Structure formats: C-alpha cells, structure tokens
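What follows draws every value from the coordinates through simple rules; no lab data is involved. Remember, it's a predicted structure, so these values are computed and weren't measured experimentally. No Cβ is skipped: glycine too gets one built from the backbone with ideal geometry, and neighbour counts run over all protein chains shown.
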Amino acid sequence: MSAHELNGELPHEPEKATLEGRNKILGFWLFLGAETVLFGTLFSSYLALRHNIGDGPPASELFELPMTFAATMILLTSSLMSVFAVQALHQKKVKPLIGWLIATIVLGLGFLALEVVEFLNYIDEGHKMPTSAFSSSFYTLVGFHGAHVAFGVLWITLIILQLLKKGLTVVTAPKVYVSAIYWHFIDVVWVFIFTVVYLMGKVV
Amino acid sequence: MSSNHSTHEQTTRHRHEGPKKHIVAFVLSLVLTIIAFAAVASGEINTTFTYIILVGMALVQVFVQMAFWMHMKDRGHLFPIMGILFGVIVVFTMVIMAEYWVWW
C-alpha cells in the first residue's frame, strides 16, 4: 500500500484524504458539542453553588493567582506545541511531529503536577470535597478538566507509539489531527475555568 | 490532476499555512490572559467593570483559539461552527438558569 510509505506518497492533508478520516473528524466535532454541554452543566452548578462555602475557606482566600497564572501559561504553551505538531503533520515530517507531540504531553504533565500540588494545598487549608457545596462543585468542575488533561496525555502517548510503529499514514494522520483538536478544546475550557472560577473568585 | 499541479498546490498551501499566524494567536492569547490577571491582581478596578473585562477577554481569547488553532475559520467548517454554537446556546441557558433561578 503506497499510503503506508513516507514522504511524497502521502496525499495532501492526509487526515482528510479518506472518507474514514473525514468521518472521524466530523464525529469528533459531535463529541466536542456534547463535551461543551457537559462542561456547561458543571459550570452552571458551580456558579449556582459557589457562595455556599459552609465552614470552609472562601474562594478569595483560597485561590492563589501566581499558581493559576503558571498553570495557564503551561497549558497555553502546550496548545501551541500541538498546533506545531499539526503543521509538521501537514508537512509530512514525522520526526518533528513526534517531537512536538512529546513537548505537548510533557507540558500537559507539568500542568497536572501543578494541579495536584494545588489541590493538596487546598486540602491542608480545609477545602476538601465534602466541605461544602462550593468545594464539591469546585473539585467536580476543575477535577473533570484535569481528568480530560490526563486522558489527553495518555491518548497522545498512545498515538506517538503508533506513529513510531506504523509511521505517518492516512490511518494515523486523522488520529493526530483529532487529538490536536481535543487538546485545543481542553485549553479553551481552561480559559473559562481560570476566568470564571479563579479570577472571578478573587474579585469580591 | 497531474502530479505537478498537486505539488504546486502543496507548496502554495504550505507557504500560506506558516507558523506565523499561530504565533500571533499565541501572543494574542498571552496578552489577553495577562490583561485579565492584571485587572484582578491590581484590585483597583470596581467589581462590575472587572467582571466585564474578564468575560470580554475570555470570549475574545476563545474566539481566537477556536478560529486559528481549532481551524474553525478554515473552509468546510460550517458544521463544527453550528454544532459548537448549539452547545453554547444550551450552556448559556443553563448558566442563566443557575445564576438567577436556583435560589429563588
């Protein structure tokens, strides 16, 4: 199969070269529509419950802006790495592609590590999952986002392994493309989280 | 289509699809983020105006990232745009409901 050979043989925009690839991308957008609604419900429950802090610390005392800013920068840069990965994909350069993907997941792991440290700090300060309606909805919303990042890291790792094994083909290209869209979506959700949860939480 | 033609198409497309616009999108996101954080960190702007700045910066940043990074400004993305817009309408309804009706 010529499509399995690298460089030159591969069609232009290999992720959209086959019907299966195009269907995969379309189906993925449907999934993202559902994800939008999922995060929307979590945001709306957080917004409804955020003032019910019970005996726990209020948001304005809890959140630390430098920490959130660092996490934001890491995830934003990670999203840029992912864009470069797709550009390498369009140029059919496998090695740079894998390099950008590795940069993406390393930054993703950095973000996760920061989030774990942050949550542990909160627990020390008496902000646990069962503390109040505020804490429960906070951990559910931010934790769900963190879980998405963790899943993305795992997923992109598996795609890298596939690229190493099978190379860049019309089968692996849509996977890379779709995972990049997913990663940007997670970054977009984070924009709303740092705005609505952290920054608005700091404004009294 | 001759192979010559497709090669030509690829090279022009590559030139068009350089990293420049993505770096512009990145710097723009960076600036919007810093404005949002600075507005809160300064603590000198009144609450209502801070909220307006925050929501404004977030919406612009999301628009930039979706248009450039999620390729939604490219051709053939009408379906994704409609899908996401539909999701946004549902989310908007839920957020309004949660903010204004839950505790009445």
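A full extension of the chain between B:Lys20 and B:Val88 corresponds to an added length of 21.5 nm, given 0.36 nm per residue minus the alpha carbon distance.
Fully extending the segment from A:Asn52 to A:Leu120 would add 22.4 nm, taking 0.36 nm per residue of separation and subtracting the current Cα-Cα distance. When only Cα pairs below 8 angstrom with a gap of at least 6 residues are kept, chain A shows a relative contact order of 38 percent. When each of B:Leu32, A:Leu97, A:Leu38, A:Leu120 is scored by the number of other beta-carbon atoms lying within 10 Å, the sequence from fewest to most is A:Leu120, A:Leu38, B:Leu32, A:Leu97.
Based solely on its DSSP helices, what 222 nm [θ] is calculated for the protein assembly as shown when runs of n ≥ 4 H residues each add -39,500 (n - 2.57) and the sum is averaged over all residues, nearest 500 deg cm²/dmol?
On the way: 10 runs with 229 residues, N = 308.
Calculated at 222 nm, the ellipticity per residue is -26000 deg cm²/dmol.
The residues neighbouring A:Ile160, those whose beta-carbon lies less than 13 Å from its own, together hold a net charge of +4 under the Lys/Arg +1, Asp/Glu -1 convention.
Distance from the alpha carbon centroid of the stretch A:5-61 to that of the stretch B:25-104 works out to 15 angstrom. Within straight cross-link reach of A:Lys175, meaning Cα distance under 12 Å, which aspartates and glutamates are found once same-chain residues fewer than 8 apart are removed? Of all the aspartates and glutamates, those that pass the test against A:Lys175 - Cα under 12 Å, at least 8 places apart if same chain - are A:Glu15, A:Glu20. Against the compact-protein benchmark of 2.2 N^0.38 Å, the Cα-based radius of gyration of chain A scales to 1.17.
Of the cross-linked pairs A:Lys202/B:Lys73; A:Lys24/B:Lys21; A:Lys95/B:Lys21; A:Lys95/B:Lys73; A:Lys128/B:Lys21, which ones have a Cα-Cα span greater than 31 Å in the structure shown? Write down the numbers at each step before the final one.
Values: A:Lys202/B:Lys73 34 Å; A:Lys24/B:Lys21 26 Å; A:Lys95/B:Lys21 23 Å; A:Lys95/B:Lys73 28 Å; A:Lys128/B:Lys21 43 Å.
Pairs exceeding the cut-off: A:Lys202/B:Lys73; A:Lys128/B:Lys21.
Between A:Glu35 and B:Val55, the C-beta separation translates, for a Förster distance of 22 Å, into a calculated FRET efficiency of about 0.55. Neighbour counting of Cβ atoms within 10 Å sorts the residues B:His77, A:His51, fewest neighbours leading, into A:His51, B:His77.
Taking the Cβ-Cβ separation of A:Leu26 and B:Ala38 as r and a Förster radius of 41 Å, what is the calculated FRET efficiency to the nearest 0.05?
Numbers: r = 40 Å, r/R0 = 0.98.
The calculated FRET efficiency here is 0.55.
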